[in-house]
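Following: one structure in structure tokens, then a few remarks.
The values are calculated or read from the model by the stated rules, or taken from the named source; none is laboratory data. Here the structure is a predicted model, which means the values were calculated and not measured. All accessible areas refer to the heavy atoms of the entire protein, side chains included, with ligands and DNA or RNA removed. Shrake-Rupley method; radii C 1.70, N 1.55, O 1.52, S 1.80 Å.
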Amino acid sequence: MVDVSQHKLVPEHTVLDDPDRVDEVLSEYNVSKTNLPKITVSDPALPDEAEPGDVVEIVRDSRTTDRATVYRLVVE
């Protein structure tokens with residue numbers, strides 16, 4: 001089977017496992033976890049350790065800002 005997460009076009013996905021870092025991100029954007037865009041736990045690009053309720057940081061290439069960082073809430 002092919003590991004989709006290792007494909008060159010799939011951006012880097014990292015689970016934020018430090019609660020302080022999650023709080024920092026939420027306060028920076030002035031949102032709660034439930035206001036974050038969602039990503040399903042079955043998404044093949046997610047790391048294996050991702051569980052519902054986790055916040056995932058996605059860093060991708062951007063034409064306008066070299067690197068763009070977005071955050072998603074993992075859901076069922």
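One line per residue, one yes/no per condition, for (1) open to solvent by 100 Å² or more (accessible area, probe 1.4 Å); (2) assigned to a helix (DSSP H, G or I); (3) among the small types (Gly, Ala, Ser):
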residue	(1), (2), (3)
14	no, no, no
22	no, yes, no
26	no, yes, no
49	yes, no, no
52	no, no, no
56	no, no, no
60	no, no, no
*Out of the residues in segment 28-47 that are among the aliphatic types (A, V, I, L, M) and farther than 12 Å from residue 71 by Cα, which is most open to solvent (accessible area, probe 1.4 Å)?*
41
*Within segment 28-47, identify whether any single residue is among the small types (Gly, Ala, Ser), over 12 Å from the mean Cα position of the chain (by Cα) and at pLDDT below 95, and answer yes or no.*
yes
_Matching residues, segment 28-47, being part of a helix (DSSP H, G or I) and not polar (S, T, N, Q)_ = 28, 29, 33
